[in-house]
Each structure stands twice: as structure tokens, then as C-alpha cells.
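**Q** One structure follows; several queries about it will come next.
The values are calculated or read from the model by the stated rules, or taken from the named source; none is laboratory data. This is a predicted model, so every value here is computed, not measured. When we count neighbours, we look across all protein chains shown, and the Cβ atoms used for this are built from the backbone with ideal geometry, even at glycine.
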Amino acid sequence: METITNISSKTLSEKDRKYLWHHISPYNAKADSMVVSKADGAWITDNKGNKYLDAMSGLWCVNAGYGREEMAQAAYEQIKKMSFYPLTQSHEPAILLAEKLNEWLDDDYVIFFSNSGSDANEVAFKITRQYHGQNGEPDRYKFISRYRAYHGSSMGALSATGQSQRKYKYEPLVSGFLHVRPPDSYRRPEGQSIEEFNLHCAQDIEQKIIWEGKETIAGVIMEPVITGGGIIIPHQLYMKKIEEICNKYGVLLIIDEVICGFGRTGKKFGFQNFGIKPDIVTMAKGITSGYMPLSATAVKKSIYEKFKTSSEYGHFRHVNTFGGNPVSCAVALANLELMEKENLTERSRTLGERLAKEMEDLNSHPNVGDIRSIGFLMGIELVKDKDSKEPAPPSYIGSIISECKANGLIIGKNGDTVDGYNNILTLSPPLSCTDEDFTFIVSLLKKVLKAHHL
Ligand code: PMP
């Protein structure tokens, strides 16, 4: 039998075309996909030997960098010791990880493990609906989220998602998901200050609750910073106001930390930048730095109390076979220990501050409309011209991304600014980037941007 390493790159590409259905990427009849065969630190290598600095950390997840010995060791040890048992009962890696997550969350939460970010959000929706039912308010079934936000691909999580282009082919989706405008301060109405605009956006949520009937609203779900929708960073006022509104109407505040968690925004969790206390926190990706599939729904102890009953109605009837897999939990523990040992959350903050400073002079570029960053996470919004703020055309964005890639740098594009259109360059590099990696990202991206004007 052929071993993976002996297969020529041509044969692999042929097999790839024949057998593999790629995620989200449209079929490309002209170009082969990149077949990634090795990864180390912030760098990936394809099977033709090309090396790239992966400034998107895979899919915003490889926070601790690729190829870490500690994670391989943790997986190996756990597989030898006890490879699988479901969380219908319990095991040591899940118990210890749940304890460790409480330390990172800095509050009292009970942890429900699943496999993916989408799963974690589905669990949050189910717990929220059942919680209200158990509180004698079964009419509370609706969730409010924001346009441009992404919350996952399964039917409930997609219903919460506010990006129409991802949804319309699969409708009708789950009922009871409502959307409001995101706090995109760059595109705020003329004459409004950032504070006023953010306040209005938060008040949209209150208005929605009132108009929909406050006794029907179960939860609000939001990322602390909208990531996939184009790095939309709210004002402090906004998050505080939303917390206040949720408390006022008995609505649970669910914070989706699937990307923002685990150091990405310069804090352990993104919500910690805003001084709020969510009722439910969902997380995935960076929990294992992408080494194993794992996600978690952290639920405030006071909510969990309602489920501590032996009655049939009180029991949360949800299970997934692999959620909290012991190998995944052991790897997550090794990941969090490594992040603590190497101060990667702090490094995210300092690298982010340096990045923001280095990019400042791009503000004079005629097609750079806005540069937004928090921690080691940045969005560069490209426009046709600064006055109209009309998004720069796909060909322009495409040429920048291709040129970066041709020179060994992978960056992302996101936004959903208009009709599913992505005009925002995104950077979410491993938090373990070396100083040389950092310099490479900054110098190449600046060089490419400065050479491309519309
Ligand atoms: N929430 C957010 C904010 C995400 O970015 C994602 C994935 N990119 C998800 C949820 C869904 O996670 P998964 O792909 O693991 O299902």
C-alpha cells in the first residue's frame, strides 16, 4: 500500500479532485487546491515544497502554532491510557479541563463539551430554551443576533448567522432567529459619533425585544468582536448596554468565543475586554489550537441549578458521541498549559499593539478605508475611494491576496459588507509567532498593498 509520503504531488492532486469535497470553496476547474503536507510554528508547507506563513492560523484556530511536541505527547499518552469513553459518565481529562476553563473564564461555569463551534452554539440554544421552560416561561424561544455575524453551519447555528449568502440556499431554517444591525462604526451614519452610533445599535436590540414581545425572547447571541463579518469591534458602551438590556428583560446573554477565545483578542476570552459577565460562553477552535476537534458550552452555575433535578422535564436530553473525547480534552489541557507557560495571551496583546502601530501609515493609502485591530486580530477594509466607502472590487482584493500568497504569506478576506461580498483583509496569525515571523507579515503585506492602488 502507498504511504502518504510516497505519493507524488500530481497523483495526490488527481485523487483530491476525484474523491474530496472541499469545504465552502467553489469548485475550481483551472487550479489545483493547495495540498498541505507539513506545518511547523507559523509556517505550512504544501506537497510541492512551497512554504507559507499562515497568517490565518488555519481557520483562525492554531493559536499555539503548528507542530508542538507537547500536544503530540499528550495525545499519545491519553490514547495509550484510555482512548475513549463518552461523557454520559465521566473521565479525568474532561474533569480537569472543565476546571481549567473555569480558571480562564474567571467565574463559576459548568461545562458541556461537544465537537465543533456549531455544536457548542446548538447546545447553548437548547439549554436556553429549556431553561426558560423550566422557569415557567415556555414562550421564550426567540434569539437575537446580528447581521454579518457567523455562528456556524448546522441549521440552528446557521439560523443565528447573519450572512444571507450562506443561508438562502438552505432555507427555510429554524424559526425564532432574529437579526439586528452590527455596530460597524466605520459605516455609521454621517453626523453620529461612535458612542452615539454604538448606543443606537444596542438600543436596536431593546427595541426588537419590545416589538417582538419581551415574553418571547430567550437569548441574545453575539461574538465580542464580529470576526468572519469583517473584524467589527464594538465600543465598550455597546457591550455594557447589551448586558444591561439582557438583565432588564430576563434574556440570556450568550457570547460566542469560537474565534475570540483563547488569547486572540489579547485577553483570555474576548468578552473580558468589555467587563461583562455572560450567562453562557461558547468556545471551540483555539481550545485545542486546532490539534483535535473539541468545543465547549460554559453555562453559569445559577442556570445549571435549574437542571439539577431528577424530573424527566428537568433533564437536559442532549448527547454527542465524541464531545469531550478524552484525547481531545488531554490535548486541550496541554494547549492551555503551553499557552500559560509561554504567556501567549500577553504576547497576542503586545504583538497586536505592534501590528497596529506598524500598519498606521497605511491609513494614507487611497484604498485603505479603515484598519481595525484588537489583540493579534486585524481587519483592513479596502474601498474604491475613501469618500464613497464603496467596497473595493473583488479583482483588487484577489490580486492582493494572490500576490501575498505568491510571496509566501497567507491572509484572509472577510466582511459580508454588501451582499456576501468580502472586502476586508483579515489577519489572525498564530500567537506564537516569532519576531522574524512578525516582521515578515508586516513587511510583505505593506509592500504588496503599497504596490496596488485602484
Ligand atoms: N462561531 C464562530 C464565531 C465561528 O467563527 C465559527 C467557525 N468559523 C463557528 C461558530 C462554527 O464553528 P465550527 O466551524 O467549528 O462549527
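**Q** Determine, yes or no, whether Ile254 is within 16 Å of the ligand (Cβ to nearest atom), crowded, with 24+ Cβ neighbours inside 10 Å, among the β-branched types (Val, Ile, Thr) and assigned by TED's automatic domain parsing to the domain that holds Pro182.
**A** Working: within 16 Å of the ligand (Cβ to nearest atom): yes; crowded, with 24+ Cβ neighbours inside 10 Å: yes; among the β-branched types (Val, Ile, Thr): yes; assigned by TED's automatic domain parsing to the domain that holds Pro182: yes.
In short, yes.
**Q** Ok, one more. Tell me which of these Ala149 doesn't satisfy, since it passes every other one: (1) touching a residue at least 40 places away in the same chain (Cβ under 8 Å); (2) farther than 15 Å from Glu223 by Cβ.
**A** Result: Ala149 passes all but (2).
To keep it simple, each residue is scored yes or no on (1) assigned by TED's automatic domain parsing to the domain that holds Tyr238; (2) over 16 Å from Ser175 (Cα atoms); (3) touching a Leu at 6+ places or on another chain (Cβ under 9 Å).
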site: Arg129; (1), (2), (3): yes, no, no
site: Gly136; (1), (2), (3): yes, yes, no
site: Asp139; (1), (2), (3): yes, no, no
site: Ser145; (1), (2), (3): yes, no, yes
site: His151; (1), (2), (3): yes, no, yes
site: Ala157; (1), (2), (3): yes, no, no
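Condition check ((1) outside any helix (DSSP H, G or I); (2) touching a His at 6+ places or on another chain (Cβ under 8 Å); (3) over 18 Å from Arg372 (Cα atoms); (4) within 12 Å of the ligand (Cβ to nearest atom)) across all residues:
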{"position": "Pro224", "(1), (2), (3), (4)": "yes, no, no, yes"}
{"position": "Leu237", "(1), (2), (3), (4)": "no, no, no, no"}
{"position": "Ile242", "(1), (2), (3), (4)": "no, no, yes, no"}
{"position": "Gly263", "(1), (2), (3), (4)": "yes, no, no, no"}
{"position": "Gly266", "(1), (2), (3), (4)": "yes, no, no, no"}
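**Q** Sticking with this structure for a sec: Could you list, in sequence order, the residues of the range 109-127 that are more than 11 Å from the ligand (Cβ to nearest atom) and touching a Lys or Arg at 6+ places or on another chain (Cβ under 8 Å)?
**A** Tyr109, Val110
**Q** May I ask you to say which residue of Leu199, Leu173, Leu158 is within 16 Å of the ligand (Cβ to nearest atom), without any contact (Cβ under 8 Å) to a residue 60 or more places away in the chain and more than 17 Å from Ile254 (Cα to Cα)? Outline the logic, then answer.
**A** Working: Leu199 fails: within 16 Å of the ligand (Cβ to nearest atom); Leu158 fails: more than 17 Å from Ile254 (Cα to Cα).
One residue alone meets the criteria, Leu173.
**Q** Could you tell me which residue of the range 128-155 is farthest from the ligand (Cβ to nearest atom), considering only residues that are polar (S, T, N, Q) and surrounded by 22 or more Cβ atoms within 10 Å (Cβ to Cβ)?
**A** Our first condition is that a residue be polar (S, T, N, Q); within the range 128-155, this holds for 128, 130, 134-135, 145, 153-154.
Adding the requirement that they be surrounded by 22 or more Cβ atoms within 10 Å (Cβ to Cβ) leaves 128, 145.
Details: Thr128: 16, Ser145: 11 Å.
Filtering the range 128-155 for residues that are polar (S, T, N, Q) and surrounded by 22 or more Cβ atoms within 10 Å (Cβ to Cβ), the one farthest from the ligand (Cβ to nearest atom) comes out as Thr128.
**Q** Now a separate question. Looking at (1) within 18 Å of Glu122 (Cα to Cα); (2) in contact with a Ser or Thr (Cβ under 8 Å, 6 or more places away or on another chain); (3) more than 16 Å from the ligand (Cβ to nearest atom), which is the only condition Tyr304 fails?
**A** (2)
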